[in-house]
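Below you'll find the structure, written out as structure tokens, and then a few comments.
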Amino acid sequence: MVTSEKEASMKMTECMSLAGRFKELAGKGLVDVKFYVRNLDEASTEQVCAEVNALYAAREGGKTQALDFGDSRRIQA
Amino acid sequence: MPDSSNGSTWVYSAKLESAFRKVSDIQEFVRQYVIAPDKLPVSVEDTQWAIEEKYGFKITKELVDFEAEHIRGMMERYENGTAHVFIRQRQDNDLTVNGYWHRFIAVKELSHLAIDEKEDFNWDGSKTIEELIADHIFEGMRPAKIEIQSEVLAELVAIEILYPMEFRQADIESGRLPSDLAKDYGVPPYVIERALSQGHMKMARALWHEIGGHGLGGLGSDPAG
């Protein structure tokens, strides 16, 4: 029982942590955030929150690169 | 007018038609400023540029290297008109298909910036995740909640942008496999299968007929020629 309460508390931390991040970003002008989540049937809220936290952690760790598909056919002025 | 279902959720007709009109607007805008607008695959960068110009955004896109089972990507929108799209680097073991997923996810997230209204906004992403997980299950004829509607619509818009309607009938008649067609359009085979499914084709035909104009080259164009 103690273990499951502890686990529940640990799981809550992911979404609480994420909520805190978005609150901070809202203070910097964030008005909307959207997600592309696959296999919603198999996902739990805590799992997805953890993954979004992992995304932000990766960005903060420099594991990111600007994406340009290089496929523009626009006529340059 | 049809509603749309992805098998588990339904969206309102008015929002669906409005979303398809945005696809038409974006295609038309791109068509005015690009060389060979009907050339495939559809350009993600030109689609982004059209959304930036038409709707007043400055958008960045990033590939992010992290492990996940469920999150393919996400988008942040700010009140000053900036927006950031983040895409998970590893989507598929096949490197080519992986790149196709990057294209599709990018356009899906960009589509939000064109179609979402203020009523669809929520800065509290943790709440959005909660709603997505809790409310995606179809219950009778109940329309999907705003969070789900927005996701379903953005995916439909991305499908229509990257796999334009005008090519589909010929593709069906060709008998080519989705995995083969996917290479022409630079999209995951999933997108081809979804676009060519009976339900999607019926809905898309009805909507494009009602909107009265479609395609990379516009009505009467011959994209194959």
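Things worth noting here:
- Condition met for B:K54 (assigned to a loop (DSSP other than H, G, I, E, B), surrounded by fewer than 19 Cβ atoms within 10 Å (Cβ to Cβ) and either of a type in the set (D, E, K, R) or modelled with pLDDT of 95 or more (or both)): no
- A count restricted to the stretch A:31-53 and to residues that are assigned to a helix (DSSP H, G or I) and under 27 Å from B:N80 (Cβ atoms) stands at 3.
- Answer residue from the stretch B:145-173, given it is touching a helix residue (DSSP H, G or I) at 6+ places or on another chain (Cβ under 8 Å) and surrounded by fewer than 16 Cβ atoms within 10 Å (Cβ to Cβ) and is nearest to B:G99 (Cα to Cα) among those: B:I172
- Within the stretch B:73-97, tally of residues that are of a type in the set (D, E, K, R), surrounded by fewer than 21 Cβ atoms within 10 Å (Cβ to Cβ) and under 26 Å from B:E52 (Cα atoms): 1
- Any hit, the stretch B:27-50, residues being more than 11 Å from chain A (Cβ to nearest Cβ), surrounded by 21 or more Cβ atoms within 10 Å (Cβ to Cβ), modelled with pLDDT under 95 and assigned to a helix (DSSP H, G or I): yes
- From B:W123, B:W101, residue being of a type in the set (A, V, I, L, M, F, W, C) and either in a loop (DSSP other than H, G, I, E, B) or at the interface with chain A (Cβ under 9 Å from one of its Cβ atoms) (or both): B:W123
- Check on A:A50, at the interface with another protein chain (Cβ under 7 Å from one of its Cβ atoms) and without any contact (Cβ under 8 Å) to a residue 40 or more places away in the chain: no
- The lone criterion from (1) within 11 Å of another protein chain (Cβ to nearest Cβ); (2) surrounded by 19 or more Cβ atoms within 10 Å (Cβ to Cβ); (3) in a helix (DSSP H, G or I) left unmet by B:A134 is number (2).
- Cβ-Cβ under 7 Å pairs, at least 6 apart or on other chains, the stretch B:31-50 side over 19 Å from B:K183 (Cβ atoms) and free of Cβ contacts under 8 Å to residues at least 60 places away in the same chain, far side of a type outside the set (D, E) and assigned to a helix (DSSP H, G or I): B:D46/B:V30; B:A50/B:I26; B:A50/B:F29; B:A50/B:V30
- Given (1) more than 30 Å from B:A50 (Cβ to Cβ); (2) facing another protein chain (nearest Cβ under 7 Å); (3) not in a helix (DSSP H, G or I), index of the condition A:G62 fails: (2)
- Note on the stretch A:1-27: residues that are surrounded by fewer than 10 Cβ atoms within 10 Å (Cβ to Cβ) and modelled with pLDDT of 95 or more amount to 1.
- Test result for B:D92, more than 7 Å from every other protein chain (Cβ to nearest Cβ) and either touching a Phe, Trp or Tyr at 6+ places or on another chain (Cβ under 9 Å) or over 24 Å from B:A182 (Cβ atoms) (or both): yes
- Hey, B:V64 buried (at least 18 other Cβ atoms within 10 Å of the Cβ), modelled with pLDDT of 95 or more and within 15 Å of the chain's Cα centre (by Cα) or not: no
- Summed over the stretch A:32-60, the residues that are surrounded by fewer than 16 Cβ atoms within 10 Å (Cβ to Cβ) and farther than 20 Å from B:Q91 by Cβ give a count of 2.
- Of all residues in the stretch B:174-183, those satisfying the criterion of being of a type outside the set (A, V, I, L, M, F, W, C) and either modelled with pLDDT under 95 or not in a helix (DSSP H, G or I) (or both) are B:G175, B:R176.
Condition check ((1) touching a Leu at 6+ places or on another chain (Cβ under 8 Å); (2) modelled with pLDDT of 95 or more) across all residues:
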residue: B:R103; (1), (2): yes, yes
residue: B:K108; (1), (2): no, yes
residue: B:I115; (1), (2): yes, yes
residue: B:E130; (1), (2): no, no
residue: B:E139; (1), (2): no, no
residue: B:S150; (1), (2): no, no
residue: B:I161; (1), (2): no, yes
residue: B:E166; (1), (2): yes, no
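The values are calculated or read from the model by the stated rules, or taken from the named source; none is laboratory data. Because the structure is a prediction, the values reported are computed rather than measured. No Cβ is skipped: glycine too gets one built from the backbone with ideal geometry, and neighbour counts run over all protein chains shown.
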